[in-house]
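Worksheet: the structure to be examined is printed underneath.
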Amino acid sequence: MPGYSLTNYLRISRTGRPTGEQTVGAHNNFKRTICGLCNGGCGLLVKVSHEGTIQGVYGDPQNPWNKGRICPKPMAAAQSLTSPLRVRYPLKKDRNGYRRLSWEEALDYIAPRWKEAREKGGNSAIAAIISKIGGSHSKFILNVFAELTGLNTYGTAPVCYESERKIRISLFGSAATPNPLSDALEARLVILLGNNIAQTKAGQFPWLKEAQRKGTKLITIDVRCTETARQSDQFIQVRPGTDAALGLALLNYIIENQYYDAEFVEKHTLGFRELAQAVKSYTPEWASAVTGIELNTILNLGKELATLKPALLYPGRGVCCVNNGSHALWAFEALMAILGNIGKPGGGIVSHIIDYGKLQGLIPEQLKAKPEVKYSAKELYEAMLDGRIQLFYIAGNPVATWPDTGLMRQALRKVPLVIHHTLFFDDTSAEADLILPATHWLEEAGAQASVHRVLQWREAVVPPPPEAKPAAEFFRLLAKRLGFPQEYFPSAAAAAWELECRYTPAVSGISVLAMKETPGGISYPCRAGETPRRRLYSELKFNTPSGKIELRQQNPQILPVDLPSYSDPLDSPGNDSRLKGDYPFFLSTAKVAYHYHTQNQYSAWVRKVEGPYLEINTDLARALGIREGEKVEVETPYGFLVLPVKLSTALPPLCLFTQPYYSEGGMGLKPANYLYPNAVDPIGGNFIQKNLQCRMLGFGGGGEHK
Amino acid sequence: MKMLIDTTLCIECQACVVACLQENNYSNLVPRIKMRIANPRNCHHCAEPACVIFCPHGALQKINGGAVIWQEPLCSGCKLCLTFCPHGSVNYDIQRGAPVKCLLCPERLAQGMEPACVAVCPTGARLFGKDEEILNLVEQRLHELKQKGQRVYCSPGGKAGDEVIFILLEAGK
């Protein structure tokens, strides 16, 4: 692999030369696969018994992306496959509980109702949450089905990266990660913004450590001194929800001092003058007061941005899943642009949005259908409550992972037919009329994309439970019942990929065989007959209307405002600055390395590691007389939850943190989303999961105990 | 052979804890190690193990390779090892009435493999190797870290010392 010092990496971080044998011993009974969780692209070796059960999951020493190291998630994922809560056959809810169905019976029930819902209410009468739809086979089939039926689909974007997606499309014409994570080795500076990659992509974190050893400066900007911050060369602590102030001030500093790349700006951007004008009042002095960051720190950061090139920006959920994150994302990504840090080895932006483009030309125009109305994720609740949604297919767990759990439950109860295609019987299953058994990525073959901008092929490691079917199969069978041409619904994953890549330009040169034969997979874009490209924008061509980076957005259909500005988190959706006295703290949810969404709750090992908690600053706890382990009631204007306290010096006194993964089905706890409203960032549309006003009852908040 | 646990490289991902649970799954569900930077708990396989000295039944023994192992048939579940371990690194499985601690993966070592926790560690915070290699590395790391102004120290080590060496940050900011 050109450009990487893989052997150096191996030597530096281990004693002696590690071989496969040191990690996993002789390789018989081991099956190779690629983890399907965080999109890090880690290679796995799975020990499988003769009976076809998983005995252990290990890192694959031959995979160049993780070189035999893994985070705890895939081990837990393998264990959860055999959880007693695994759904193994179709279930239909009736008055007495649940009745077991065959797939035939289930489809007999679903198909006519699917048809009727569309006939009576239009294409938009059906919605689908597809965040856990499965691997590439299921994603492809679902996309085909959606094109044929005008189905409104909702993936993880509304919860995870919608604001990032909208801002990056506005700036660059595409949301996908411009640079691979491996570019860190070639950067002189990496800025991690609201990004705790040491937890969220622990298996891939070594790339940043290796970059550091080579001399890259790693700066973490965050509200808490996270595990990532501790490993960085510099940690800049910022007040919650004020990152945009820092970004805008850095733009101001770079522009006022003419540290930007004038030639790059002239040739490749649009709207620079307007941006410069917009940030004129956002001085570093102003930002220092807003963010709580020392003025010198801001000025030095500006100087380093001006001189340490190429540089990478890697924004995380901390600036995306908040009520004012769009401005921060816009400011910082625009900053990279005016510095000329785009499309270069080590220069650009890394993101975990790893799409490779939409299907083009597979479905003939006359067969395509469109939804009459595309509801936003926020609007979906209302559409369910007032009967506009007649049928909801859910592959995911929105009752736990979408905000305002109470409202989501109410809304789902109003939908006449809710189908839950799931691995586990979870909180969402409890609201479903029909529950279908899904397959796991360990049980599927498919192409796996990665934050390194590569596609790797995986084979199934173990067979699924006999009646479990992937979404690919469900939609294939449903499409047959509904009379759609079967040629668009290949039943095998490899055939599906070959069809998909033929009609997806960016991956048209990536066959299953090529992926299998290339260690570490193949970079995309890779058009048929061309060499794979490691990153986007090397030719500085952008898919925007002007073909340039659009610092200013003139089309209100793309973004409702034309330039970034500062919005106080207390005056942004979900919060109300007038309630500051009653709700003096901020509540945020943050991920940990051993959980993935709500899935790893079903792993007995992971439950042993640690339980749910409310993390509180140690000094605050002392002042309020709260002890470690004590149960405390945390309340927002929308709900309350009782949690045991965990003390920490890593977070500021104003901030309380909890985890987003626990739920009633998994750990017998109301999800943290009981506390969050159905509110989104007004520009980017991301649901908020952080910086929500809250109080602890009985402590420093006033208000009566209800 | 020695193990180095360098908490300055630890990102608290818990891969080691879960890998250990996976490795010992058929035995019990009680974690054998805890990995928090401020307070890591892992059997040190001490040079002079208190648990071995105080075990009335000889169920705990220090073997040639340096590991302190536990033999179930000899154990009465009396919990003296828990009580006397100076590192609080012996856990207890109530269901089986047995102590649970790191045994340095004897089956893996017998096959020439690294302990399960070392094999997974993404940052190389856990390393395993020959005595000399590890001791040299400890010296190197301590020097590197002190150069950077980090206030670090290592748990008692040396050729005749514990099999598990920790690099720890001094408490307080």
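The values are calculated or read from the model by the stated rules, or taken from the named source; none is laboratory data. Remember, predicted model here, so these are calculated numbers, not experimental data. Here Cβ is always computed from backbone atoms with ideal geometry, including for glycine, and neighbour counts include all displayed protein chains. SASA here: full protein model, heavy atoms, side chains in, ligands and nucleic acids out. Shrake-Rupley method; radii C 1.70, N 1.55, O 1.52, S 1.80 Å.
What is the interface area between chains A and B, defined as buried accessible area summed over both chains with a 1.4 Å probe, reported in Å² to the nearest 100? Walk me through the intermediate numbers first.
Details: alone 26720 and 9510 Å², together 33230 Å².
By this definition, chains A and B bury close to 3000 Å².
In whole angstrom, how far apart do the alpha carbon centroids of region A:660-675 and region A:346-419 sit? Centre-to-centre distance over Cα atoms comes out at 21 Å. Taking trypsin sites (Lys or Arg not before Pro) across region A:283-362, the ones in a DSSP loop with at most 13 further Cβ atoms lying within 10 angstrom of their Cβ are A:358. Taking amide H atoms as placed 1.01 Å from N in the peptide plane, the amide H of residue A:615 lies under 5 Å from those of A:646, A:657, A:658, each 5 or more residues away in sequence or on another chain.
Amide H contacts for residue A:269 (H built 1.01 Å from N in the peptide plane; partners 5 or more residues away or on another chain; cut-off under 5 Å): A:549.
Classification of chain A by its C-alpha gyration tensor yields a rounded form. The axis ratio a/c (a ≥ b ≥ c) stays under 1.5. Per residue of B:114-120, other chain Cβ atoms within 10 Å of the residue Cβ number 6 on average. Note on region B:5-52: the alpha carbon radius of gyration divided by the globular reference 2.2 N^0.38 Å gives 1.27. Residues whose amide H falls under 5 Å from that of residue A:686, counting only those 5 or more places apart or on a different chain, are A:163, A:681, with hydrogens built in the peptide plane.
If you find the alpha carbon centre of region B:35-61 and of region B:83-117, how far apart are they in angstrom? Comparing the Cα centres of region B:35-61 and region B:83-117, I get a distance of 9 Å.
How much of the DSSP bridge set in the protein assembly as shown is antiparallel, in percent, rounded to the nearest 5?
About 55 percent, rounded to the nearest 5.
Is the shape of region A:70-211 rounded, prolate or oblate, going by the alpha carbon gyration tensor and its root eigenvalues a ≥ b ≥ c, with a/c under 1.5 for rounded and a/b larger than b/c for prolate? It comes out oblate by the Cα gyration axes. Could you please report the charge total around residue A:268, scoring K, R as +1 and D, E as -1 over all other residues with beta-carbon less than 10 angstrom from its beta-carbon? Residues near residue A:268 contribute 0 overall.
Cross-linked pairs A:201/A:608; A:214/A:309; A:115/A:414; A:67/A:139; A:209/B:130: Cα-Cα separations exceed 23 Å for A:67/A:139; A:209/B:130. Packing, as the average of other Cβ atoms within 10 Å across residues, places the peptides A:370-376, A:156-162, A:64-70, B:38-44 in the order A:64-70, A:156-162, B:38-44, A:370-376, highest first.
What is the Å³ per residue value for the convex hull set by the Cα atoms of region B:30-173?
In region B:30-173, the Cα convex hull volume per residue is 126 Å³.
Counting Cβ atoms of other protein chains within 10 Å of each Cβ in A:603-610 and taking the mean gives 5.
From most to least packed by mean Cβ count within 10 Å, the peptides B:50-57, A:132-139 give A:132-139, B:50-57. The HN-Hα couplings worked out from phi for region A:348-361 by the Karplus form 6.51 cos²θ - 1.76 cosθ + 1.60 (θ = phi - 60°) are x, 10, 10, 8, 8, 7, 10, 4, 10, x, 8, 4, 10, x Hz, whole numbers, x standing for Gly and Pro. Partner shielding of A:201-211 amounts to 3, given as the average count of beta-carbon atoms from other chains within 10 Å of each residue beta-carbon.
In terms of the mean number of neighbouring beta-carbon atoms within 10 Å, the peptides B:116-127, A:291-302 order highest first as B:116-127, A:291-302.
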